[in-house]
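Please treat every number below as a calculation from the coordinates, not as lab data. Note that the structure is predicted; figures quoted are calculated from it, not measured. Backbone-built Cβ (ideal geometry, glycine too); neighbour counts: all protein chains shown.
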Amino acid sequence: MISRIKTLNVLPRWIIVFIDLIVFSVSALVAYLLRLNFLVDQLYEFDFLRGILIFTISGFIASLITRSFAGIIRYTGIQDTLRVLYANLVTLLIVFAVNYLSENSLPYSVALIAFLVSLVISISYRLLVKELFAFYRTAPRAQRKILIMGAGRSGMMTKQLLDNDTKSNIKVVGFLEDNERKIGNVIGGVRIYSATEEFEKVVLKQSPTELIIAVTNLSLEKKNDLVDRCLEFGIKVSAVPSTDKWIGGEFDISQIKEVRIEDLLGRSAIVLNNEYVAREVLNKSVLITGAAGSIGSEIARQVVRYNPSKIILLDQWETGLFEIENELRSILKLEERLVCFVADVTNDQRVRACFDIYKPDMVFHAAAYKHVPMMETNVPEAIECNVMGTKNLADVSVEFNVQKFVMISTDKAVNPTSVMGATKRAAEIYVQSLNDFLGTLDKTTSTKFITTRFGNVLGSNGSVIPIFKKQIQNGGPITVTHPDITRFFMTIPEACSLVLEAATMGNGGEIFVFDMGRSVKIVDLAKRMIQLSGLVEGKDIEIAFTGLRPGEKLFEELLDNEENNMSTHHPKIMIAKTRVIEFSDVKANIDSISETLEGGSTEIEFDLVRQLKSFIAEYKSKASQFEVLD
């Protein structure tokens, strides 16, 4: 019997109809007995068999009309209960109609009592069957005990989904809450505990294997604290997505995902003035370079929301460009407003053609080589792309009267220790000095150049987190360059919101610096990712230290030794006050580097780095072959 219940998924409808007929019959009999004070001898005076038959047939007809048998009993809810109520009301109406036509075939008092008895029994047996299904499917082998953080709407929906999932062998053993008014209450047979004061108590008592966070507005600090406590007890942590991410507006159990390291490193969303951004972008032609990359593609996703007249996606990586184009076209009806332009930013002829055709009003320059160790051994390409490519775009922007040019830089440009960082600093200097030079000219319209500096972005191509994930999937080891190395992190949407804000706030010549919060130790990041994967460091997977890579810093900085910062109207955004360099001197240095690039000497890499160091006094190589030049 028990094994049959375990394997039975849906009670057949004919069985439900049969049980309902029995319920109607028994209810009519009980009604007669109650009406006659259980004086059985008087039953035959009322022709009770005829009355029971009338009530049963009426109930059968009502069931067909209301389809009260159609619900799956083990999923019985409010709608199913209402359907049973309607069926019993229709039954009563049919009985009254029969009585009216055939002169009191069933006494009205008996009919009313039978209605009430039938209603109670019909609902009760459905709920009983539902509980039996739940009990026999989970109790004998309930291996997955679940705690749910949040006893609100999302928490209740999560419990209902888990209770109805016959494949997962899950039992909800408790809710956790911060709301004192809810603590101590019971919902659906499950107690609500205090998330702060009773966490350890419920964990030791119930031994849950997983906690599901069903509070969509839980603060990052609270979430981190909760995850740390769960990891301490070896409890897996998952989360319910926010309501705006429910597929088709519906919540499904498949949407419950494990908490990722990115969910714990990102910070509360930064509130930016979208009204100003909308005013800046509306009906403008916007060019985004590096549009196939992590930052460029997210800028594109955000810019299209503000109805530009045209958005031009420029990149030399055609596959990535194809993917972001398809994504944007599937979300928005962009028609002819979206253009993909395959080009290298260093190709003057191709860039000029793009500007000539589409006449951009704004340029977001995200194209760059960014991998530090790789650029340390490919100096000419790093300079060609990051310096000459930026110069090419900047010069053409001025020629075609672009209104604003927003360059995406990096914190590696501050006191650079690598070729990559030095090239980005050189690009910063060029656009800033060009902006100042244009300000001295007698021109009514001149391009405003704005720079933004970021730290590492979570989940970007080639960043540390995707690398660690692959290493964990492959069984390790996780490779960390140094036990003391730290990095700042921010989410990609956060970074791109800053870019748009910079475009709005900037008047030209600024270098905007973002408050990155606290830096994170990479080895701690690796350890946490191991724990989140349900593994044990040193037992299931190892962490190996490989030594600093060429050009790599132990600590990133947001300002160099000679820079100060100035606050803006946004508490998380500052302006770096850098030293001013004459455009003529900058141009002379850049032209000299360009000549060396074209010369192709046998010692070209050392020659180029020597020139960079002469141009950027704070550039000191670290763990690099170019340290001999310092």
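Name the residue farthest towards the positive end of the dipole of segment 347-408 from the options Cys385, His371, Phe400, assuming +1 on Cβ of Lys and Arg, -1 on Cβ of Asp and Glu, about the Cα centre.
Toward the positive end, the furthest listed residue is Phe400.
Whole-Hz ³J(HN,Hα) for each residue in segment 295-307, computed from phi via Karplus 6.51 cos²θ - 1.76 cosθ + 1.60 with θ = phi - 60°, x for glycine and proline: what do you get?
Result, ordered by residue: 6, x, 5, 6, 4, 4, 4, 7, 5, 4, 5, 9, 6 Hz.
Just subtract the alpha-carbon distance of Leu112 and Ile57 from 0.36 nm times their residue separation and send over the number in nm, one decimal. Don't skip to the answer; put the middle values down first.
Numbers: separation 55, 0.36 × 55 = 19.80 nm, distance 1.60 nm.
Going from the current span to full extension adds 18.2 nm.
Would you mind computing, in nm to one decimal, how far apart the modelled labels at Ser592 and Trp317 are, each placed 7 Å from Cα along Cα→Cβ?
3.5
May I ask you to order 207-219, 178-190, 409-421 by the average number of other C-beta atoms within 10 Å around their residues, highest value first?
Values: 207-219: 18.6, 178-190: 13.0, 409-421: 25.7.
In decreasing order of mean packing, 207-219, 178-190, 409-421 become 409-421, 207-219, 178-190.
At a Cα cut-off below 29 Å, give the lysines reachable from Lys622, other chains included and same-chain residues fewer than 8 away excluded.
By straight Cα distance, Lys622 reaches Lys370, Lys391, Lys412, Lys424, Lys469, Lys470, Lys521, Lys527, Lys553, Lys577, Lys587, Lys613.
By how many nm would the segment from Asn507 to Gln349 lengthen if fully extended, with 0.36 nm per residue of separation less the alpha-carbon distance? All intermediate terms of the calculation are to be shown ahead of the outcome.
Details: separation 158, 0.36 × 158 = 56.88 nm, distance 2.92 nm.
Computed gain between Asn507 and Gln349 is 54.0 nm.
Between Arg610 and Val580, what FRET efficiency follows from the Cβ-Cβ distance if R0 is 30 Å, with the result rounded to 0.05?
Details: r = 24 Å, r/R0 = 0.81.
Efficiency for this residue pair is about 0.80.
What residues qualify as long-range amide H neighbours of Lys310, i.e. H under 5 Å apart, gap of 5 or more or another chain, H built at 1.01 Å from N?
Lys284, Ser285, Val286
I want to check the label-to-label distance for Leu332 and Ala544. Put each point 7 Å from Cα in the C-beta direction and report it in nm to one decimal.
Here the answer is 4.6 nm between the modelled labels.
Quick check: residue separation of Leu127 and Arg279 times 0.36 nm, minus the Cα distance between them. What number comes out in nm? Each step should come with its number before you reach the end.
On the way: separation 152, 0.36 × 152 = 54.72 nm, distance 5.71 nm.
Answer, rounded to one decimal: 49.0 nm.
Show which lysines lie in cross-link reach of Lys182 when reach means a straight Cα distance below 24 angstrom and same-chain residues fewer than eight apart are skipped.
In chain and number order, the partners are Lys145, Lys159, Lys171, Lys201, Lys205, Lys222, Lys223.
Report the residues of segment 395-418 in range of a label on Glu618: point 7 Å along Cα→C-beta, backbone N strictly under 17 Å from it.
Hits in segment 395-418 for Glu618 at 17 Å: 409-418.
Can you figure out the FRET efficiency of Asn179 with Glu232, using R₀ = 25 Å and their beta-carbon distance, to the nearest 0.05?
E between Asn179 and Glu232, to the nearest 0.05, is 0.55.
Give a residue-ordered list of calculated ³J(HN,Hα) values for segment 23-29 (Karplus: 6.51 cos²θ - 1.76 cosθ + 1.60, θ = phi - 60°; whole Hz; x for Gly, Pro).
4, 4, 5, 5, 5, 5, 5
Would you order Lys205, Lys553, Lys539, Lys424 from fewest to most other beta-carbon atoms within 10 Å of each residue's own beta-carbon?
On the way: Lys205 12, Lys553 22, Lys539 8, Lys424 30.
In increasing order of surrounding Cβ atoms, one gets Lys539, Lys205, Lys553, Lys424.
Nearest 0.05, what FRET efficiency do Val536 and Glu627 give at R0 = 56 Å with Cβ-Cβ as r? Mind showing how you got there, number by number?
Values: r = 40 Å, r/R0 = 0.71.
Working from the Cβ atoms, E equals 0.90.
Treat each spin label as a single point 7 Å out from the Cα along the C-beta direction, and report the Tyr100 to Ile65 distance in nm.
1.2
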